[in-house]
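Visitor: Okay, handing you the structure first.
The values are calculated or read from the model by the stated rules, or taken from the named source; none is laboratory data. Just so it is clear, the structure is predicted and the values come from calculations on it, not from any experiment. We place every Cβ from the backbone using ideal geometry, glycine too, and count neighbours over all the protein chains shown.
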Amino acid sequence: MSINLIQINPLVSPQWDEAVLNSSYPQFFHLSCWIKTLAETYNFKPLCFMVPEEYGCTIPILKVKTLSGRKKAVALPFSDGCDISCECVSADELVAKLLSILKKENISRLEFRGVYKFRPSGEPSHSYYGHRLHLTKCDRVLWEKLSSSKKRNIKKAKLQEIITSFHNEKTAVEQFYNLHCMTRKRLGLPPQPISFFYSIFQNIIAKGRGEIALVKVKNTSIAGALFLFSENEVLYKYGASDKSFQHMRANDILFWESIKRFAENGYKTLNFGKTEKFHEGLCRYKDGFGGMRFELYDYIYNVSTGKKLVDAPMVKGIYNNIFRIMPIPMLRFCGKLLYKYSA
């Protein structure tokens, strides 16, 4: 079967978002606001396609340069899930067509990140967990989904002099970023450049597609989260906190207040993002809010041979210990310099 793909630039064509929003499953990471954010921050180049026979089938790809100077095509970098939903063409046919296109572009790798329904033949290159909580406007039902430890922690947090609030202004993004830098240092990782979060503010939050949640004690921000909105789903993208206030259980109350807010606003699900399988503690933490685990997959191909590669992101190593001892200004510099090469 001959597949007809139309290349389209989401940054200039309104047809792209129309197709995304008219699909059976509108995904935030397919939207042009997210693609524009990545392109602006890291100078990635869009190489996106649509299938004319199926209006809602969008294939978002960005061209990325590695540290060695080689090029790869990623759908999509720095995104917690980017499924490809095309009913009129099989996954294997689509992969074969894209590989033939990418050979002419002198691209070495093709990567599908965080797919769920899109399942080419053979074993995936890598897998991890997602968590999704179904929302209802009944607080009692949501409360009953919580684990006993979450209920205790939330009750404890309510006894503290803390306030959870939701924001769409630039100053809140900056407050969150300060917490984010502290958290990344604790994890032994450099933070994304501040320009990335300013781009999120301009392209997403200011357009009503996201917001910042902050937990404060006497006007001091001690925890925060960035949420992104698709049509019916809220995505938890980043979380951050000041560990010295951990005893106040700020993260638990933040999620509880967010769950109630988004349910009341009519969203159907809250997606907690992806978690590597070896992070069992983080998986259990997300389980505690009543969400269901599901598997997400990466499929990675060598473009010249067409062979699938077994690969996994480098999230642990000796470099974590080095980053932990760096002062935050140096960490921020490393993030600005190196982050785009980790895509």
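Visitor: Can you pull out every residue in the stretch 61-78 that is within 15 Å of the chain's Cα centre (by Cα) and more than 18 Å from Tyr301 (Cβ to Cβ)?
Guide: Phe78
Visitor: Taking Lys156 as meeting all but one of (1) exposed (fewer than 13 other Cβ atoms within 10 Å of the Cβ); (2) in contact (Cβ under 8 Å) with a residue 60 or more places away in the chain; (3) of a type in the set (Lys, Arg), write down the number of the exception.
Guide: Of (1) exposed (fewer than 13 other Cβ atoms within 10 Å of the Cβ); (2) in contact (Cβ under 8 Å) with a residue 60 or more places away in the chain; (3) of a type in the set (Lys, Arg), only one is false for Lys156: (1).
Visitor: I would also like to ask the following. Looking at Leu133, Leu94, which one is within 16 Å of Asp298 (Cα to Cα), among the hydrophobic types (A, V, I, L, M, F, W, C) and not in a loop (DSSP other than H, G, I, E, B)?
Guide: Leu94
Visitor: Sticking with this structure for a sec: Just checking, which of Phe333, Phe262 is touching a strand residue (DSSP E or B) at 6+ places or on another chain (Cβ under 8 Å) and surrounded by 12 or more Cβ atoms within 10 Å (Cβ to Cβ)?
Guide: The conditions single out Phe262.
Visitor: Need pairs with beta-carbon distance below 6 Å; first residue surrounded by 12 or more Cβ atoms within 10 Å (Cβ to Cβ) and within the stretch 12-28, second assigned to a helix (DSSP H, G or I) and aliphatic (A, V, I, L, M); sequence gap 6+ or separate chains.
Guide: Pro26/Val20
Visitor: Name the residue, out of Glu276, Glu280, that is free of Cβ contacts under 8 Å to residues at least 60 places away in the same chain, acidic (Asp, Glu) and under 28 Å from Phe28 (Cα atoms).
Guide: Sole residue among the options that is free of Cβ contacts under 8 Å to residues at least 60 places away in the same chain, acidic (Asp, Glu) and under 28 Å from Phe28 (Cα atoms): Glu280.
Visitor: Looking at this structure, is Leu179 of a type in the set (A, V, I, L, M) and under 15 Å from Ser241 (Cα atoms)?
Guide: The answer is yes for Leu179.
Visitor: Right, something else. Could you tell me which of the residues Ala172, Ala157 is among the hydrophobic types (A, V, I, L, M, F, W, C), more than 25 Å from Cys82 (Cα to Cα), at pLDDT 95 or above and outside any loop (DSSP other than H, G, I, E, B)?
Guide: When all the criteria are applied, what remains is Ala172.
Rundown of residues vs (1) in contact with a Lys or Arg (Cβ under 9 Å, 6 or more places away or on another chain); (2) buried (at least 19 other Cβ atoms within 10 Å of the Cβ); (3) closer than 24 Å to Tyr177 by Cα, yes/no style:
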| residue | (1), (2), (3) |
| --- | --- |
| Asn203 | yes, yes, yes |
| Ala206 | yes, no, yes |
| Val215 | no, yes, yes |
| Thr220 | no, no, yes |
| Ser230 | yes, yes, yes |
| Arg249 | yes, yes, yes |
| His279 | no, no, yes |
| Leu282 | no, no, yes |
| Phe289 | yes, yes, no |
